[in-house]
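Mind having a look at this structure? Questions to follow.
Only the coordinates and a few stated rules stand behind these numbers; no lab work does. Fair warning: this is a prediction, and the values are worked out from it, not measured in the lab. Every residue, glycine as well, gets a Cβ built from its backbone with ideal geometry; the counts of neighbours run over all protein chains shown.
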Amino acid sequence: MINVPGLNEILDVVFRTVGIFFFTYLIIRIRGNKQLSNLSLFDVLLVIALGSAMGDVMIYSEKEVSMIRAVTAISTVVLMIFFIEFVIARTSKKISRFLYGEPIVLVRNGRLIKKNLEKTNMSGDQLKSLLRTHNVRYYSECKKVQLEPNGELSIIRKKNKSKDNK
C-alpha cells in the first residue's frame, strides 16, 4: 500500500532538494570548470540530482523512500532548472555570468597568463596537452586561448604572415 505523506513532508522534500541543489552548485563552481566538458553546470546538477532521486526510489522500499517523495524531488529539480534558465534567458548578462560563470583567458598574444591558469587549478602541462589536441604546439601560435564556462578551450590563432608579401 502506498504511504501518502502530508504537506509538511512534501515541503520538507522541496526545501531539502533546493538546499542540496544550491550547495552542489556552489561546490562545483568552487572546484572549477575544467571537468565539465560539454555539459553546462545545470546539466551536471540535473544528472546528479535525478540519478540520486531515481536511484534511491528504485533501490529502497516504500517504507525507506516514498515514491511520492522521490517524484517531488525530481519535479522540484526539473522545475528549478527550467525556471533558472527561463530567467537567465530574459535577464542581464551579469546574472547569466554569475550563474554560468565566465570565460577565463589563459593565453593572450602568445603569452601565458599564469594567474588565470592558477584560478582554473590547471597546470601548464595540462594546458599544453589540451592545446596539442587542437594542433597547437606553442603559446606563441595563439592570439587568445580561453577556458569557457562549459570546460572547453576556445582558441583564436594568430594570422600567418605570408612569406610572399611584397
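Which whole-Hz couplings ³J(HN,Hα) result when phi for each residue of the range 117-130 is put into the Karplus expression 6.51 cos²θ - 1.76 cosθ + 1.60, θ = phi - 60°, listed in order with x for Gly and Pro?
Karplus-based 3J(HN,Hα) across the range 117-130 equals 4, 4, 4, 8, 6, 10, 8, x, 5, 5, 5, 4, 4, 4 Hz.
Residues of the range 1-19 with amide nitrogen under 17 Å from the 7 Å Cα-to-Cβ point of V78?
14, 17-18
Name the aspartates and glutamates eligible as straight-distance cross-link partners of K128: C-alpha to C-alpha under 17 Å, and not fewer than 8 places from it in the same chain.
Reachable aspartates and glutamates: E118, E141, E148, E152.
Go ahead and collect, in residue order, the members of the range 66-91 whose backbone nitrogen is under 20 Å from a label point 7 Å along the Cα-Cβ direction of L50.
67-89
Which whole number of Å³ per residue matches the convex hull of the alpha-carbon atoms in the range 104-157?
Here the figure is 64 Å³ per residue.
Using the Kirkwood formula on the Cα atoms of the range 65-130, what hydrodynamic radius do you get, in angstrom to one decimal?
This gives a value of 15.4 Å.
Of the cross-linked pairs K93/K159; K114/K144; K114/K143; K115/K144; K119/K144; K115/K159, which ones have a Cα-Cα span greater than 20 Å in the structure shown?
Beyond 20 Å between Cα atoms: K93/K159; K115/K159.
Next up: Can you sort M1, M54 from fewest to most other Cβ atoms within 10 Å of each residue's own Cβ? Mind showing how you got there, number by number?
On the way: M1 4, M54 14.
Neighbour counts put them in this order, fewest first: M1, M54.
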